[in-house]
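First up is the structure itself, then whatever we jot down about it.
The values are calculated or read from the model by the stated rules, or taken from the named source; none is laboratory data. Since this is a predicted model, take the numbers as computed values, not measurements. When we count neighbours, we look across all protein chains shown, and the Cβ atoms used for this are built from the backbone with ideal geometry, even at glycine.
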Amino acid sequence: MTKPSDDDSVIADATGSVGCIRLNRASALNALGIAFCEAIDNAVVRFERDPQIKVIHVSSMLRHFCAGADIAEMSTMTHAQAKSSGFVGCVRELAKAKKPVVVAVNGIAAGGGCELVEMCDVVVAAESARFMHPEITLAAMSGAGGIQRFARVAGKHVAMDAMLTGRALTASEAHAVGLVSRVVPDDELLAISMQVAERIAGFSGPVARRIKATINATQPGIEQGLVDEMNAFQQCFAEPDFREGLEAFLQKRKPEFRMN
């Protein structure tokens, strides 16, 4: 399996019937810039089309899973550009995958990084992993389905707490509310998550895909919810508080929000 990016920010190869996608944007803690997202999406599409691959496994090669959307990149984007490009600050193809997706989460999964996790099917987390949606601290919100998927898994009140405060959930908290499938020791994360992927890959591929599709069908209304969330997120680009939040983040200072 060839690598989908020249700079090795995404490493994609196969282990038996498992297609492995390793996030490796070392310069930005796997921040989800447009080119990086495209590289991840390309890897997902390749594995979806490969008849030898039954399961996709996603992991990080860095000390954290993903720092979220690329703030520096967003800071130069206008509202019109965000709308015309359908910008959501995250990947797209992972949520469309018909094959089961297992993700191994280490360190921090923040914002768009948490949305990426929420797009997966089986979430194996290291004990030290943390899950958070800090978008509100930038006068922003999730745009790639984080609110839709988080609320459907964890329920209204946990979702409200996480999204309105930006606080991080520990791996055990995330497991308790259903965001995580299982929690494992840090040094066993990759081994156990690969065991899970290989176990699934050992079963009938068509049946595994039908099980995934049928479970996903228990979430009615999510398609319209995803559109509504994307539109609400893109509206942030037209607001001064969002610009202030981005500038404050880049300047490493406390933002001064003025909108009521």
State all residues of region 174-200 that are touching a helix residue (DSSP H, G or I) at 6+ places or on another chain (Cβ under 8 Å) and either of a type in the set (A, V, I, L, M) or at positive phi (or both); if no residue qualifies, say none. Val177, Gly178, Leu179, Val180, Val183, Val184, Ile200
Region 153-166, subset touching a helix residue (DSSP H, G or I) at 6+ places or on another chain (Cβ under 7 Å) and surrounded by fewer than 18 Cβ atoms within 10 Å (Cβ to Cβ), residue nearest to Pro134 (Cα to Cα): Gly166
Sole exception among (1) under 19 Å from Ala213 (Cα atoms); (2) without any contact (Cβ under 8 Å) to a residue 24 or more places away in the chain for Ser85, by number: (1)
Those residues that are hydrophobic (A, V, I, L, M, F, W, C) and buried (at least 24 other Cβ atoms within 10 Å of the Cβ), I need them from region 120-139; list them, please. Val123, Val124, Ala125, Ala129, Phe131, Leu138
Applying the selection to region 173-190, what residues are surrounded by fewer than 13 Cβ atoms within 10 Å (Cβ to Cβ) and not in a loop (DSSP other than H, G, I, E, B)? Asp187
Residue in region 210-227 that is under 30 Å from Met259 (Cβ atoms) and within 15 Å of the chain's Cα centre (by Cα) present: yes
Do any residues in region 192-208 that are in contact (Cβ under 8 Å) with a residue 24 or more places away in the chain have Cβ atoms under 7 Å from those of residues that are surrounded by fewer than 20 Cβ atoms within 10 Å (Cβ to Cβ) and among the polar types (S, T, N, Q), where the two are at least six apart or on different chains, and which pairs are they? Ala201/Ser17
Which of the residues spanning region 231-258 are within 21 Å of Ala67 (Cβ to Cβ) and either hydrophobic (A, V, I, L, M, F, W, C) or outside any helix (DSSP H, G or I) (or both)? Phe233, Cys236, Phe237, Phe242, Leu246, Ala248, Phe249, Leu250, Lys252, Arg253, Lys254, Pro255
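Check whether at least one residue in region 92-101 is more than 24 Å from Thr218 (Cα to Cα) and either touching a residue at least 60 places away in the same chain (Cβ under 8 Å) or among the small types (Gly, Ala, Ser) (or both), and report yes or no. Spell out the reasoning first.
Start the filter on region 92-101 by keeping residues that are more than 24 Å from Thr218 (Cα to Cα), which leaves none.
No, region 92-101 contains no residue that is more than 24 Å from Thr218 (Cα to Cα) and either touching a residue at least 60 places away in the same chain (Cβ under 8 Å) or among the small types (Gly, Ala, Ser) (or both).
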Val122, sole failed condition from (1) touching a residue at least 40 places away in the same chain (Cβ under 8 Å); (2) closer than 24 Å to Phe237 by Cα; (3) among the β-branched types (Val, Ile, Thr): (2)
Check on Gly111, at pLDDT 95 or above, in contact with a Lys or Arg (Cβ under 9 Å, 6 or more places away or on another chain) and on the phi > 0 side of the Ramachandran plot: no
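Among the residues of region 140-152, write down those that are basic (Lys, Arg) and either surrounded by 24 or more Cβ atoms within 10 Å (Cβ to Cβ) or in a loop (DSSP other than H, G, I, E, B) (or both). First the steps, then the outcome.
To start, the set of residues in region 140-152 that are basic (Lys, Arg) comprises 149, 152.
Residue satisfying the conditions is Arg149 alone.
Can you say whether Val105 is touching a residue at least 24 places away in the same chain (Cβ under 8 Å), touching a helix residue (DSSP H, G or I) at 6+ places or on another chain (Cβ under 9 Å), surrounded by fewer than 24 Cβ atoms within 10 Å (Cβ to Cβ) and of a type in the set (A, V, I, L, M), as far as the supplied structure shows?
Details: touching a residue at least 24 places away in the same chain (Cβ under 8 Å): yes; touching a helix residue (DSSP H, G or I) at 6+ places or on another chain (Cβ under 9 Å): yes; surrounded by fewer than 24 Cβ atoms within 10 Å (Cβ to Cβ): no; of a type in the set (A, V, I, L, M): yes.
Criteria not met by Val105.
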Determine if region 214-226 includes at least one residue that is under 25 Å from Ala80 (Cβ atoms), polar (S, T, N, Q), out of contact with any helix residue (DSSP H, G or I) (no Cβ under 7 Å at 6 or more places or on another chain) and at pLDDT below 95. yes
